[in-house]
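Okay, structure first, notes after.
Here, each number is a calculation from the coordinates, and none is a lab measurement. Keep in mind that what you see is a predicted model, and the values were worked out from it rather than measured. Positions of Cβ are backbone-derived with ideal geometry, glycine not excepted, and every protein chain shown enters the neighbour counts.
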Amino acid sequence: MEPILSEQQSLLRDSAVRLCANLGGPKRARQLRNDAVETDREAWGEIVKAGWLATAVPEQAGGLGMGMFDLSLAMEEAGRQLLMVPLVEAAAAAWALAHADRQSSKRALNEALEGKRLLVPALAQAGWGLEDSAPPKARTGTSVVLEGRLRFVPFAATADGFLVAARDGRKEPLLCVVPRDAKGLCVESVPNVDGSTSSEITLDGVSPGADAIVARSDKARELMAAMRDLLALGVSAELLGVSNAALDMTLQYIKLRQQFGKPLGSFQALQHRAASCFVDIELNRSLVYRVFSAWDAAQCHPAMVSATKARASRTALEVTRTALQMHGAIGYTDEHDIGLYYKRAITLAALYGNELNHTTRFFKLTAQGA
């Protein structure tokens, strides 16, 4: 499915295609993985300079006011080129700050859009259907004091600060900006299979300051829910790009690789598998584009988000596994680039809730009439 894009959207996508191709690709991804680099700072600097973070930020908040659908086109290209950048996370944080109603959120947003500060959301996993993680506790008064742990936070090792979701003594939510160097904050990171990292953030009496709170009560609850949905949708767009790139690489391979005196692509069994992958990707593309469009029209229900993430996760894993198999033995070696796409698919499919988590969430939400 090719969406009907406006002139502005076409320019953004063309720019994203060129920029991501120049900054990323399998060779760059392999180098970053081997060097144990979590965030490609050079690529991130170029992305910030290109103004992608401002794409979905309203004009009155200092952004371009285009929409999340527009930004999803760039997210898809980032996935296609295996970029190791926190585009999804930083975009979700910027969107939340733009829609917060405090002066402190405006300062944090301006710093993020200018590239002076990399902020990523730090949310409890329970919001994606995982019940093993509760939000940190916040003691409020003349200042805010945070206690608790947050698990599986991507890009935490290189972030300059975190948009932390917590609950006060009355069980009311609050959202606050916590700097990386805050006393009592500890980040422990472990590598993922694709070379990225997942981190556990420990907040031990962290006091980020009285002006750190950017939203409370109903507003905080609204922004936290929106960030969770944006993170899941953004990763779905990246998974779409990963799937597409893996299939493209596989099609090129089976056109060139000879077996029994014929190209592999001439065998009907492989043609059928490739066609099935193509159909799955295009169905997934339709869903991703539709749900992002619904988001911009304020018609996106949480159940739609879970349906998208569940399908994107399943499709990416199935397509990249098929790609490995169609490459034969060489596909299973670390030297071949197709394995990089499979490993990225494994990581992104699990991030912010896997297929099972979101399928379960989808049925719960639809049963409730969400």
- Message: Quick check: the angle from helix 87-99's long axis to the longest principal axis of the chain, C-alpha only, nearest 10 degrees?
- Response: 40 degrees
- For residue 198, residues with placed amide H under 5 Å, excluding near neighbours: 190, 192
- Query: Long-range amide H contacts for residue 62: which residues qualify at under 5 Å (H placed 1.01 Å from N, peptide plane, sequence gap of 5 or more or a different chain)?
  - Reply: none
- Message: I need the phi-derived Karplus couplings for region 235-243: 6.51 cos²θ - 1.76 cosθ + 1.60, θ = phi - 60°, integer Hz, Gly and Pro marked x.
- Response: 5, 4, 5, 4, 4, 4, x, 4, 4
- Message: Cβ neighbours within 10 Å, averaged per peptide: list 235-247, 89-101 in order, most packed at the top.
- Response: 235-247, 89-101
- Relative contact order for region 220-367 using alpha-carbon pairs under 8 Å, separation at least 6, rounded to a whole percent? 33 percent
- How long is region 220-367 along each principal axis, judged by its Cα atoms, biggest number first, in Å? 62, 27, 25
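What does the extension gain come out to for residue 279 and residue 217, with contour length at 0.36 nm per residue minus their alpha carbon separation? Before the final figure, lay out the partial values.
On the way: separation 62, 0.36 × 62 = 22.32 nm, distance 4.39 nm.
The residue 279-residue 217 span can extend by a further 17.9 nm.
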- In the structure displayed, which of 116/171; 27/309; 116/309; 49/106; 262/343 lie more than 26 Å apart, Cα to Cα? 116/171; 27/309; 116/309; 262/343
- Task: Could you point to the label whose value was computed as semi-axes √(5λ) of the Cα gyration tensor in Å for the structure here, given (i) 36, 21, 20; (ii) 36, 26, 20; (iii) 48, 29, 22?
- Result: (i)
- Item | Under Karplus coefficients 6.51, -1.76 and 1.60, residue-wise ³J(HN,Hα) of region 333-345 in Hz, glycine/proline x | 8, 5, 6, 8, 5, 4, x, 5, 6, 5, 5, 5, 5
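Within a Cβ distance under 11 Å of residue 326, other residues only, what is the Lys/Arg minus Asp/Glu net charge?
On the way: positive: 257, 273, 321; negative: none.
Summing Lys/Arg as +1 and Asp/Glu as -1 gives +3.
In which sequence would 116, 364 go, from the one with the fewest C-beta neighbours within 10 Å to the one with the most? Each step should come with its number before you reach the end.
Details: 116 10, 364 14.
Ranked by crowding around the Cβ, least crowded first: 116, 364.
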- Query: Per residue, what volume in Å³ does the convex hull of the Cα atoms of region 166-207 enclose?
  - Reply: 100 Å³
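Sorting 330, 201, 346 on the 10 Å Cβ count, fewest up front, what's the list?
Values: 330 13, 201 24, 346 19.
Going from least to most buried by this count: 330, 346, 201.
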- Query: What are the residues whose amide H is under 5 Å from the amide H of residue 214, where those residues sit 5 or more places off or on another chain and H is modelled from the backbone?
  - Reply: 175, 176, 177
